[in-house]
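Report on one structure; see the data block that follows.
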Amino acid sequence: MNLDSLYSELTLKTTAKLALIVLDGLGDVATNAQSRLTPLEAARTPNLDALVVEGCAQGRMIPVAPGITPGSGPGHLALFGYDPIEYQVGRGVIEALGLGVELKAGDVAARANFCSLDAKGIVTDRRAGRIETSICEKLCAMLAKKVKKIGDTEVIIQPGKGHRFVVVFRGKGLEGPLTDADPHREGLAIPAAKPVSANSAKEKKAAELIAEFYRQALPVIAKEKPANGFLMRGIAHQPEIPTFQERYLLKPACLAVYPMYKGLAQLVGMTKIEGPQTIAEQFERYLAEYDHYDFFFIHFKYTDMYGEDGNFEAKKQAIEEFDAALPIFLRKRPDVLAITGDHSTPCVMKGHSWHPQPVLLQSAYSGNDKLERFSETGANLGSLGVFEAKYLIRYMQANAKMFDKYGA
């Protein structure tokens, strides 16, 4: 019997309410330039502090494996209890689902974003200055009008938020994954997407389609500024994956703003609750939906965004914004509450990292680590220790008294 089977055998139905709040990219590292504090440590967080003093357990989580830097997909799948090495999902699939695209068997989806190119085709800004959503919608409309079909394959283009969009290729004989058509840094040309498996005819056909899509699409936006190019990554097809409710006997709901995180939630069968745009609005909607679901996933993006920008002060302020809204959420306390990140996004690195993210867990049975704040430093001292993120949901279930006794 494997471990998942054991957990399933021991799982009991519950009337408890569980909530997982994810501050994307929350974890950080302290440097001398930042007075040896992380943004979480530097932020004024009276409401989180009160929660900690009241009593909770803290620790740190390894999102995938020691030293491995995760993308948002693996980071969130681990938080949902799915081993991110076993369940590999392309970012394009996640983004497409989040934008409401109904994927069919054989569809290959790519997560794309507009970028800036110089006269030689070199990427000068991977995010095109973070253009407004309205500009993204205009550019996507231009592309969709000009490139509707390539050979026998339909091309579906769906705008997202800001500079992001999705491209879906719908035809026969296609499969992913492919390598990214993204150099992942400025100063280089856009690389060709290539098959991951050398002998896969389906991957080869998908790679040829994407190359042709670039040939037809780039001239359409060549004169636009600052977004005269685009990058594509996470090029893959949708895999088989068991639902969250099947695995945990919990009816789950998602409150997220950005399509990718809605897509991740939908991938595992969570109900997407649409509408709220701010964290305060998300918490208000949580109150309204409290009686209808057993498990709530609530996502806050801006800690990650400002970490990627290397903006320490803005990341600190985003944490303070979250903290200011927290009393709304606490009007209806779940029986089990976890607050964490999906990974670390240190400002000094301007990107995701391998550093374990801090986690806070509170329930009637979590114990009290007798700490005063939720921070990386405090989490290092907490009773949860350092553990793999895929076990967080199991700790939450245990705190909800969802496991029968194992053995005599």
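The values are calculated or read from the model by the stated rules, or taken from the named source; none is laboratory data. Note that the coordinates shown come from a computational prediction; the quantities given were computed from them, not determined experimentally. With ideal geometry, Cβ positions are generated from the backbone for all residues, glycine too; neighbour counts draw on all protein chains shown.
Enumerate the pairs (first residue in segment 339-363 and farther than 25 Å from ASN47 by Cα and in the same structural domain as ASP24 (by TED's automatic domain parsing); second residue anywhere and surrounded by fewer than 24 Cβ atoms within 10 Å (Cβ to Cβ) and hydrophobic (A, V, I, L, M, F, W, C)) with beta-carbon separation below 7 Å, excluding pairs fewer than 6 apart on the same chain, so at least 6 apart or on different chains.
VAL348/VAL29; TRP354/ILE68; HIS355/VAL29
Search segment 215-241 for residues being assigned to a loop (DSSP other than H, G, I, E, B) and either among the small types (Gly, Ala, Ser) or modelled with pLDDT of 90 or more (or both), and hand back the single one that is farthest from GLN266 (Cα to Cα).
Among residues in segment 215-241 that are assigned to a loop (DSSP other than H, G, I, E, B) and either among the small types (Gly, Ala, Ser) or modelled with pLDDT of 90 or more (or both), the one farthest from GLN266 (Cα to Cα) is LYS223.
Within segment 326-336, does at least one residue satisfy the condition of being assigned to a strand (DSSP E or B) and either over 20 Å from ALA42 (Cα atoms) or out of contact with any helix residue (DSSP H, G or I) (no Cβ under 6 Å at 6 or more places or on another chain) (or both)?
yes
Could you identify the single residue in LEU178, LEU99, LEU117 that is touching a residue at least 12 places away in the same chain (Cβ under 8 Å) and over 23 Å from the mean Cα position of the chain (by Cα)?
None of the others qualify; the one that does is LEU117.
Among the listed residues PRO195, PRO183, identify the single one that is closer than 19 Å to GLY71 by Cα and in the same structural domain as THR153 (by TED's automatic domain parsing). Spell out how you get there, then give the answer.
Values: PRO195 fails: closer than 19 Å to GLY71 by Cα.
Only one candidate qualifies: PRO183.
Would you please name the residue that is farthest from ALA408 (Cα to Cα), looking only at residues in segment 10-38 that are in contact (Cβ under 8 Å) with a residue 24 or more places away in the chain and of a type in the set (D, E, K, R)?
So, considering only residues that are in contact (Cβ under 8 Å) with a residue 24 or more places away in the chain and of a type in the set (D, E, K, R), the one farthest from ALA408 (Cα to Cα) is ASP28.
Taking the conditions exactly as written (of a type in the set (D, E, K, R) and more than 18 Å from GLU54 (Cα to Cα)), does ASP309 satisfy them or not?
Yes: the conditions hold for ASP309.
Go through GLU154, GLU246, GLU208 for me and flag whichever is in the same structural domain as HIS76 (by TED's automatic domain parsing), free of Cβ contacts under 8 Å to residues at least 60 places away in the same chain and surrounded by fewer than 18 Cβ atoms within 10 Å (Cβ to Cβ).
Details: GLU154 fails: in the same structural domain as HIS76 (by TED's automatic domain parsing); GLU208 fails: in the same structural domain as HIS76 (by TED's automatic domain parsing).
Criteria check complete, one pass: GLU246.
Of all residues in segment 291-317, count the ones that are farther than 22 Å from GLY73 by Cβ and either surrounded by 16 or more Cβ atoms within 10 Å (Cβ to Cβ) or not assigned by TED's automatic domain parsing to the domain that holds ALA19 (or both). Lay out the reasoning, then the answer.
To start, the set of residues in segment 291-317 that are farther than 22 Å from GLY73 by Cβ comprises 291-294, 310-314, 316-317.
When the remaining residues are screened for being either surrounded by 16 or more Cβ atoms within 10 Å (Cβ to Cβ) or not assigned by TED's automatic domain parsing to the domain that holds ALA19 (or both), the result is 293-294, 311-312, 314, 316-317.
Total meeting the criteria: 7.
Regarding LEU143, is this residue surrounded by 21 or more Cβ atoms within 10 Å (Cβ to Cβ), assigned by TED's automatic domain parsing to the domain that holds LEU97 and more than 26 Å from LYS205 (Cβ to Cβ)?
In short, no.
Matching residues to (1) of a type in the set (Phe, Trp, Tyr); (2) surrounded by fewer than 19 Cβ atoms within 10 Å (Cβ to Cβ); (3) closer than 30 Å to ARG164 by Cα:
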residue	(1), (2), (3)
LEU10	no, yes, no
VAL29	no, yes, yes
LEU48	no, no, no
GLY55	no, yes, no
PRO84	no, no, yes
GLN88	no, yes, yes
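Across segment 329-342, what is the number of residues that are surrounded by fewer than 18 Cβ atoms within 10 Å (Cβ to Cβ) and either over 28 Å from ARG394 (Cβ atoms) or charged (D, E, K, R) (or both)?
So the answer is 3.
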